[in-house]
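The values are calculated or read from the model by the stated rules, or taken from the named source; none is laboratory data. All of these numbers come straight from a predicted model, not from anything done at the bench. As a convention, Cβ positions derive from the backbone with ideal geometry for all residues, glycine included, and neighbour counts pool all protein chains shown.
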Amino acid sequence: MIKFLDLQKINAQYGEELKKVAAEVIDSGWYLLGERVNTFEKELAAYTDAPHAIACANGLDALRLILRAYIETGYMQEGDEIIVPANTYIASILAITDNRLVPVLTEPDEFTYNLDISQIEENITPRTKAIMVVHLYGQVCWSDELESLSQKHHLKIIEDNAQALGAEWRGIKTGNLGDASGFSFYPGKNLGALGDAGAITVKDPELATVIRALANYGSRQKYVHEWAGLNSRMDELQAAFLSVKLKFLDRENEIRRQVAKFYCEEIKHPGVILPTQKHPDLFTGAKALTHVWHLFVVCCQYRDALQKHLTESGVQTLIHYPVAPHRQKAYPNYSFKSLPITEALQHEVLSLPVSPVITTEEMKKITTSINSYIK
Ligand SMILES: *Cc1c(COP(=O)(O)O)cnc(C)c1O
């Protein structure tokens, strides 16, 4: 069976170094709020070029903390609206509703799967305070039009950057495009920890201070609590692992790009629609890193049958995501909403294996299996 993502093989590449730093942390006797988290924050800030980076416990918390900080600083209040793509992973939406803010579910572009910028303006009301863009599947969601919309309506732009670390728009890294950005280092992400971890980057130093405090019980100074915060810290072990793996991220993203290029060139099936790139020079490397291929998602009207065929040929595939957030039991109040593109996508998308350790032989087996499929 070709695994969707072979985490064991991915981390084995750096096994020696990961074990070495783990031993150092164990022996140090210092497990939280220490040097290693400090160092990783500096490395992440340097990598993205964002002025402030704050480590936290996971990607959901990263987004929750950003919104919470906007509330604590008086920029947002309960009931304010956040524009968000309807076809995102539920975490983006949970971060909004957890803060008693209102997600305004907006349709994606059916070809890039990213938020359709042209649909934003009609969803803006006097209560709209921000646009949460999600760089879905690893592709940057950004444009001049988005920037002018945010300026015209005085909206913050928050990036959900869980899937696109390393991607760039005109030389600016994701995480440094918007006002604030949330990262996830869930093991399966392009930069994956060996457990849960997340981070936030922000431009505004005041907001950075509040977020950092909120993630640590609302405290800047031990036993002094200025805000009713939460406990959302990254531990030293995960920070040490992430510092090791960050060094190889660009190399791994480059391999992902080669895998995507191979699929785009080799998959030739009338029923399989390849992912569309907003920026046609996606595969050319250094200057046009607008996609880091966290996922390679194709569309197929008979998706379930194709997936079954691939499973029988020994290829593991996944669906991102089989049920859109507004169709989940968790959100009964949104079930009435009609979002035809989002709803069509949930039945048609299929993610093929893409990883920095996939072999050419495996890729050939996957494309052959797809091309030979007869409905
Ligand atoms: C993974 C992911 C998150 C949440 O990250 P966790 O670390 O699992 O909490 C948020 N948004 C998107 C788009 C994701 O893919």
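Considering the stretch 26-45 alone, what residues qualify as being hydrophobic (A, V, I, L, M, F, W, C) and over 27 Å from residue 166 (Cα atoms)?
Looking only at the stretch 26-45, we keep the residues that are hydrophobic (A, V, I, L, M, F, W, C), and these are 26, 30, 32-33, 37, 40, 44-45.
26, 30, listed by residue number.
Search the stretch 344-363 for residues being of a type in the set (D, E, K, R) and more than 16 Å from residue 312 (Cα to Cα), and hand back the single one that is surrounded by the fewest Cβ atoms within 10 Å (Cβ to Cβ). Among residues in the stretch 344-363 that are of a type in the set (D, E, K, R) and more than 16 Å from residue 312 (Cα to Cα), the one surrounded by the fewest Cβ atoms within 10 Å (Cβ to Cβ) is 361.
Restricting attention to the stretch 115-126, the residues that are within 22 Å of residue 335 (Cβ to Cβ) and assigned to a loop (DSSP other than H, G, I, E, B) add up to 2. Only one of the listed residues (148, 143) is hydroxyl-bearing (Ser, Thr, Tyr), away from the ligand (no atom under 12 Å from the Cβ) and at pLDDT below 95. That residue is 143. Within the stretch 32-55, if we keep just the residues that are in contact with a Leu (Cβ under 7 Å, 6 or more places away or on another chain) and not charged (D, E, K, R), the residue that is nearest to residue 173 (Cα to Cα) turns out to be 47.
Of all residues in the stretch 321-349, those that are under 17 Å from residue 303 (Cα atoms) have Cβ atoms under 8 Å from Cβ atoms of residues that are loosely packed, with under 14 Cβ neighbours inside 10 Å and hydrophobic (A, V, I, L, M, F, W, C), 6 or more apart or on another chain, in 346/323. Among the residues of the stretch 177-197, the ones that are out of contact with any Lys or Arg (no Cβ under 8 Å at 6 or more places or on another chain), more than 9 Å from the ligand (Cβ to nearest atom) and of a type outside the set (Gly, Ala, Ser) come to 3 in all. You will find that of 252, 266, the residue that is crowded, with 17+ Cβ neighbours inside 10 Å, farther than 21 Å from residue 33 by Cβ and among the acidic types (Asp, Glu) is 252 and no other. Filtered by the rule that a residue be surrounded by fewer than 24 Cβ atoms within 10 Å (Cβ to Cβ) and within 15 Å of the ligand (Cβ to nearest atom), the stretch 44-57 gives a lone residue, 57. Of everything in the stretch 271-330 that is within 16 Å of the ligand (Cβ to nearest atom) and in a strand (DSSP E or B), the residue that is modelled with the lowest pLDDT is 291.
Here is a check on your reading of the model: is residue 112 assigned to a loop (DSSP other than H, G, I, E, B), within 16 Å of the ligand (Cβ to nearest atom) and crowded, with 20+ Cβ neighbours inside 10 Å? First the steps, then the outcome.
Numbers: assigned to a loop (DSSP other than H, G, I, E, B): yes; within 16 Å of the ligand (Cβ to nearest atom): yes; crowded, with 20+ Cβ neighbours inside 10 Å: no.
No, not satisfied.
All of 171, 198 fail the test of being in contact (Cβ under 8 Å) with a residue 24 or more places away in the chain and buried (at least 20 other Cβ atoms within 10 Å of the Cβ), apart from 198.
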